[in-house]
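Asker: Please read through the structure below; I'll follow up with questions.
Every number in this text was worked out from the coordinates using simple rules, so none of it is lab data. These numbers come from a predicted model, not from an experiment. Virtual Cβ from ideal backbone geometry, glycine too; neighbours counted across all protein chains shown.
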2 protein chains.
Amino acid sequence: MALIVQKYGGTSMGSVERIQHVAAKVAGFIARGDQVVVVVSAMSGETDRLTKLAKEINPRGSAREFDQILATGEQVTISLLALALETQGVKARSYTGWQVPIHTDAAHRKARIQKIDPERLMADCRLGIVPVVAGFQGITGEGSVTTLGRGGSDTTGVALAAALKADECQIYTDVDGVYTTDPRVEPKARRLDKITFEEMLELASLGSKVLQIRSVEFAGKYKVPLRVLSTFKDGPGTLITLEENHVEDPLISGIAFNRDEAQLTVTGVPDRPGIAAAILGPVGDANVEIDMIVQNVAADGTTDFTFTVHKNDYERGLEIMQRIAAELGAKGVTGSTEIAKVSVVGVGMRSHAGIASQMFKALAAAGINIRMISTSEIKISVVIEEMYLELAVRTLHKAFGLETAPV
Amino acid sequence: MALIVQKYGGTSMGSVERIQHVAAKVAGFIARGDQVVVVVSAMSGETDRLTKLAKEINPRGSAREFDQILATGEQVTISLLALALETQGVKARSYTGWQVPIHTDAAHRKARIQKIDPERLMADCRLGIVPVVAGFQGITGEGSVTTLGRGGSDTTGVALAAALKADECQIYTDVDGVYTTDPRVEPKARRLDKITFEEMLELASLGSKVLQIRSVEFAGKYKVPLRVLSTFKDGPGTLITLEENHVEDPLISGIAFNRDEAQLTVTGVPDRPGIAAAILGPVGDANVEIDMIVQNVAADGTTDFTFTVHKNDYERGLEIMQRIAAELGAKGVTGSTEIAKVSVVGVGMRSHAGIASQMFKALAAAGINIRMISTSEIKISVVIEEMYLELAVRTLHKAFGLETAPV
């Protein structure tokens, strides 16, 4: 008998039939003797519908009022799922954020969970009642309703699992786990049985959007075993765990990629202290987010400074850079939007120096030129021409033997 | 400067434009220096939509879960109106039932208000903030969301006005006041400037569905001056007051009518104690609601027993009566669905015995036969053939001089 927190997203709550399907799934766990606490999102599309309605009336209205409206989305699905569980012969009781209660700070629309009181939910579990909790929402000390921001239901699930000391937090989505890379790019991509939190963070931030990144951080911090599974397809999913890989485990867990970035380079920048701040300060001031930053050692008293921004921010970044370059007496500004980033991720590479050269060799053999390189402890990223993206992903997937499961 | 509670119904909240119209209306009162607390219903149709959704999943689900879902309807409109007030430069803050809080008993779907804590709302008013409160809902001692049942938003408005000791409770609807009778039947029907609570109760229960009857009882009990006005048409509306009519006031306030009833008569019933209970008991057990009951004094040891039920219950009532008549050894059962009830209502008739004869004379002069008569302190009702309904209403409206305002 295990205590499991299960989180079902908006797609899983998208229709009467799907809600009934989820109820049957939960009933199966109860029949096997598990205790289950369920967290749900609003029906897919509902949060957008409510936001649109509120904005139509007042595009710049109080965040408190937006949260009050948005929170109704989950209030409907918790009750619908509780009603569906009743038809399966399972006792259930719905809880809004304030009914649990889930205490948050007062940062409306992007609130952070401060404290969860698990007593009522525990009492239900002991009585064989399934608590169905609204994700994405909480309550301030003053009694106002807050929302955790987009995708926050995952965070609710993990935070509840931590507060309840649950054996596992299961996140049900429309994919059946975390893959070695995007199967749409490499059909040989393989579902991973497990992955570490650190690898998951790198894969998530690099574009494998299976889980909301904050929930993974949260799970890592509170040591909550997290499992990603499909609502609609049975299977073990992928377990995200604290355990380090063992010797026999693969060095590389997956290949992540991102086509949304653009590159900006300031050439011939005078090499003196404070130059990086002088270049990046104005970009940050303009609310342009920066991803990779690369600066090589200087030669002849000047250096080249390169960074990447979202493609949508390219024109604005270019304008700022041209102004800055003139002020700093740099040689010029170049850039491109036709780039892509490919990364290999794996905790195993920490102890294996050869991964980088293996990666660069494989790309070279495929005739792919590397424009930029950036590394972290468990990840190596390269920027290449966008047209080579699919080829690069497939080449690396094969080079690191990801299509075959480890023995 | 007055403290006013204003209640706006589902039609007034029916679209973005209408919500903006209400906001402008409230802003007008604030500009004149009044303090306003607003109570709103869900958008028209929303409660039905949510009920349908819940019933599709579980037609016999927990009332607690139905309430949890239904309460979202007003949670959306309170925030939308608060947002709309902000665009008018008026500070506003939305409150669900539990945020006020409005304490109720635990009778889900038909809860009764037990206690309202007006402190937060008063504090807002003192700061120039307009509290926008969700009608129709409250919270139990255990923290579950309740609803007051259909039309309960009027009751919320009156209860809030009582708790806040407001100067007036204004109920905004799609009619501009209470009329001497239905203007669709008698175009000369006139809006009443004021009416007593008792008259309003008789008019409401007899089919002038302007206000929910429970809210009128409530307002009478707590001596809250109640005013019915139109959201869409300016005007003073009708004030519902505790004051008794004075000598110069009219004897009759209005003509009410109802075409939804059917008549059932058991003839030749043995005249002995307990006979009424023997007849009506099985009808009540079958959940058939009874309106008028008439039994005349017995002659020859037997009596005729007549009552009216809703037309939808006629067939079922007839079946039960045929069985009962046989058991009791009654002569037979007759009935008709082609009847209508017409009533004259007015506190003035208490001290004037002549009203009944004036009424019967007027109907006789128009050739209308009376099938049944029933009277209370401030009302005389007759049942006639349905085809004569409009003629009877116009005849009585004229006979009591209702088309002209009292001097």
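Asker: Tell me, rounded to the nearest percent, the portion of alpha carbon pairs in chain A spaced more than 29 Å apart. All intermediate terms of the calculation are to be shown ahead of the outcome.
Answerer: Values: 43937 of 82621 pairs.
When all Cα pairs of chain A are counted, 53 percent exceed 29 Å.
Asker: List the pair-distance distribution P(r) of the range A:298-370, using every Cα-Cα distance, as the percent of pairs falling in each 5 Å bin from 0 up to the bin containing the longest distance, rounded to whole percents.
Answerer: Spelled out bin by bin, the range A:298-370 gives 3, 11, 17, 14, 15, 16, 13, 9, 3 percent.
Asker: Follow-up question, since we're still on this one. Counting DSSP beta bridges in chain B, what percent are antiparallel, to the nearest 5?
Answerer: Around 65 percent antiparallel, to the nearest 5.
Asker: Mind giving me the FRET efficiency for A:Arg259 and A:Glu142? R0 is 45 Å, r the Cβ-Cβ distance, nearest 0.05 is fine.
Answerer: Working from the Cβ atoms, E equals 0.55.
Asker: What value, in deg cm²/dmol to 500, does the helix sum -39500 (n - 2.57) over DSSP H runs of n ≥ 4 give at 222 nm once divided by the residues of chain B?
Answerer: Calculated from helices alone, the mean residue ellipticity at 222 nm is -10500 deg cm²/dmol.
Asker: Hey, another quick one. Let me check I've understood the local charge: for B:Lys379, count other residues with C-beta under 14 angstrom from its C-beta, Lys and Arg +1, Asp and Glu -1. What total comes out?
Answerer: Around B:Lys379, the surrounding residues sum to -3.
Asker: Of the cross-linked pairs A:Lys188/A:Lys379; B:Lys194/B:Lys311; B:Lys221/B:Lys341; B:Lys331/B:Lys361; A:Lys52/B:Lys110, which ones have a Cα-Cα span greater than 30 Å in the structure shown?
Answerer: B:Lys194/B:Lys311; B:Lys331/B:Lys361; A:Lys52/B:Lys110
Asker: Going by C-beta contacts inside 10 Å, put B:Arg184, B:Arg214, A:Arg93, A:Arg316 in order with the fewest on the left.
Answerer: In increasing order of surrounding Cβ atoms, one gets B:Arg184, A:Arg316, B:Arg214, A:Arg93.
Asker: How much of the DSSP beta bridge set in the range A:3-173 is antiparallel, as a percent to the nearest 5?
Answerer: Of those bridges, close to 25 percent are antiparallel.
Asker: OK, next. Measure nothing but the geometry: give the 0 to 90° angle between the long axis through the Cα atoms of B:46-57 and the longest principal axis through the Cα atoms of chain B, rounded to 10°.
Answerer: Rounded to the nearest ten degrees, it is 80.
Asker: Relative contact order, percent, of the range A:1-132 when contacts are C-alpha pairs under 8 Å separated by at least 6 residues?
Answerer: Details: 194 pairs, mean separation 34.9, N = 132.
Averaging sequence separation for qualifying contacts and normalising by length gives 26 percent for the range A:1-132.
Asker: Please give the FRET efficiency for B:His310 paired with A:Ala107, using the beta carbon to beta carbon distance and R0 = 51 Å, rounded to the nearest 0.05.
Answerer: 0.40
Asker: What net charge is computed for the residues neighbouring B:Ala286, neighbours being all others with C-beta under 14 Å from the C-beta of B:Ala286, Lys and Arg scored +1, Asp and Glu -1? Walk me through the numbers before you get to the answer.
Answerer: Numbers: positive: B:Arg316, B:Arg323; negative: B:Asp285, B:Glu289, B:Asp313, B:Glu315, B:Glu319.
Summing Lys and Arg as +1 and Asp and Glu as -1 gives -3.
Asker: Something else about it: Which order results if A:Ser15, A:Ser215 are arranged by neighbouring Cβ count within 10 Å, fewest first?
Answerer: Working: A:Ser15 12, A:Ser215 25.
In increasing order of surrounding Cβ atoms, one gets A:Ser15, A:Ser215.
Asker: How would you rank A:Tyr172, B:Tyr222, going from fewest to most other Cβ atoms within 10 Å of each one's own Cβ?
Answerer: Ranked by crowding around the Cβ, least crowded first: B:Tyr222, A:Tyr172.
Asker: Taking each pair of different alpha-carbon atoms in the protein assembly as shown once, compute 1/r for the pair, average those values, and report the inverse of that mean as the Kirkwood hydrodynamic radius in Å to one decimal.
Answerer: Evaluated on the protein assembly as shown, it is 31.8 Å.
Asker: Please report how far the C-alpha centroid of the range B:290-368 lies from that of the range A:362-407, rounded to the nearest whole angstrom.
Answerer: 91 Å
Asker: Can you check how the C-alpha radius of gyration of the range B:3-173 compares to 2.2 N^0.38 Å, as a plain ratio?
Answerer: So the Cα radius of gyration is 0.98 times the expected 2.2 N^0.38 Å.
Asker: For helix A:152-164, report the angle its Cα long axis makes with the longest principal axis of the Cα atoms of chain A; keep it between 0 and 90° and round to the nearest 10°.
Answerer: For helix A:152-164, the angle is close to 60 degrees.
Asker: With everything on Cα atoms, drop me the angle between helix A:354-365 and the longest principal axis of chain A, reported from 0 to 90° to the nearest 10.
Answerer: That helix lies at roughly 70 degrees to the long axis.
Asker: Also: Among DSSP beta bridges whose residues both lie in the protein assembly as shown, state the antiparallel percentage, nearest 5.
Answerer: The antiparallel fraction comes to roughly 65 percent.
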